Amino acid sequence: MGKKSSKNNELSYICTQLSILLNSGISPRDGLELCTEGGDSPMAEEIKKALELIDTGEPFSSALKQAGFPSLMTAMIEVGEGTGNLEQVTASLGRYYLRLEEAKSALSSAILYPSMIFLLMLCVQGVLCAKVLPVMASALTQSGGALTGMASVFASIGLWISAHMAIAVGVLLALAAAVIVCLVNIEGFARSFLGTTGWGKASDKASCVSAMAMAMRAGADSDTAVRMAIPVARDRDPLDQCLRAMSGGASFGAAMEQCGMLDPSMARLLDAGVRGGCADTVMEQLAERMDKSANDKLDKTLSSVEPALVAVMAIMTGVILLSVMSPLASLIASV
């Protein structure tokens, strides 16, 4: 049996498969049923429930909503049904959930590798203090010397670790468990702790713009597109500000710039797309650019964290060894 697919991956597969089948003339109901072929879909129960609701006369989007599919997906499909653009909507949803999965994987890596280095650093320092330092301290004492200053502090830490090994191991396991919990609930972690960082803000803007692009691809106007992106946003204030600006007569691009969602050059490009009748295409292009920018911010942060942790580990190791070696060297020199 293959590796179980994540929810975002599965939604991407379902939406992309629906788009292909709809384009070939298959009905939405039959297309959804074909998505369960093989019987190992993580969303098989939701699909089964949706099919039962469709067979009772429920509209496609309503059945998906009642079956437990994401609200953004069902809202976009509802618009697509009304405008006759269901094929384009499902294709856009497939790309959207794929981008979400890629962002999730990038964030998981950004948390996993520094966390591993940090835990390794703690283990190395613990072994030095608990096992190596006492041996060197004993040699110093037998030679007539004594530990002072930082060496004495590190020796006390080592003695405590040796006397309370179970507690020390428990602390390491608790930290490892915390990392695992963050990885399992990576989206909740990002929403709670990373929403105010540069990467979090850039990622949030990219998700909102991507949702607007899907809504416009489905046939929604700019006002409706902004409203449909609100459930995706971590902070809805910029979108509310955008709606107020548009109701006050501002163009779509100008309103997006005023609320901080787009920079001036992107806003001008969006207004050009609106005038040229291809706003949905422009929005998709902007979403891709913003996704890349957010990932670049994450990569930049990751590239600075890992060397910093390695440097800290090297410095701490050097300080521990020098704190013992210095008095030992002085004692040898005085003999």
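The values are calculated or read from the model by the stated rules, or taken from the named source; none is laboratory data. Because the structure is a prediction, the values reported are computed rather than measured. Here Cβ is always computed from backbone atoms with ideal geometry, including for glycine, and neighbour counts include all displayed protein chains.
Laid out as a table, the results:
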| read-out | value |
| --- | --- |
| Any helices (runs of 4 or more DSSP H) falling wholly within the range 82-192 and containing at least 3 residues that are surrounded by 19 or more Cβ atoms within 10 Å (Cβ to Cβ) and either at pLDDT below 80 or touching a Cys at 6+ places or on another chain (Cβ under 7 Å) (or both) | 86-127, 133-142, 149-163 |
| Residue check for MET121: under 30 Å from MET214 (Cα atoms) and in contact (Cβ under 8 Å) with a residue 60 or more places away in the chain | no |
| Considering residues of the range 283-316 that are over 20 Å from TYR113 (Cβ atoms) and either touching an Asp or Glu at 6+ places or on another chain (Cβ under 9 Å) or not aliphatic (A, V, I, L, M) (or both) only, the residue surrounded by the fewest Cβ atoms within 10 Å (Cβ to Cβ) | LYS292 |
| Of all residues in the range 22-45 being buried (at least 18 other Cβ atoms within 10 Å of the Cβ) and part of a helix (DSSP H, G or I), the one that is nearest to the chain's Cα centre (by Cα) | LEU32 |
| Single residue of MET256, MET228, MET216 found to be within 22 Å of the chain's Cα centre (by Cα), part of a helix (DSSP H, G or I), not small (Gly, Ala, Ser) and not assigned by TED's automatic domain parsing to the domain that holds MET76 | MET228 |
| Number of the exception - PHE69 against (1) assigned to a helix (DSSP H, G or I); (2) out of contact with any Gly (no Cβ under 6 Å at 6 or more places or on another chain) | (1) |
| Matching residues in the range 23-76 - criterion: being closer than 21 Å to ASN8 by Cα and either touching a residue at least 60 places away in the same chain (Cβ under 8 Å) or touching a strand residue (DSSP E or B) at 6+ places or on another chain (Cβ under 6 Å) (or both) | SER71, LEU72, MET73, ALA75, MET76 |
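For (1) in a helix (DSSP H, G or I); (2) polar (S, T, N, Q); (3) over 22 Å from ALA245 (Cβ atoms), each residue gets a yes or a no:
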residue	(1), (2), (3)
MET261	no, no, no
SER293	yes, yes, yes
VAL310	yes, no, yes
MET313	yes, no, yes
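Residue by residue, here is whether (1) of a type outside the set (Lys, Arg); (2) in contact with a Phe, Trp or Tyr (Cβ under 6 Å, 6 or more places away or on another chain); (3) surrounded by fewer than 18 Cβ atoms within 10 Å (Cβ to Cβ) holds:
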residue	(1), (2), (3)
LYS201	no, no, no
LYS205	no, no, no
ASP221	yes, no, yes
ALA225	yes, no, no
ARG234	no, no, yes
ASP237	yes, no, yes
GLY249	yes, no, yes
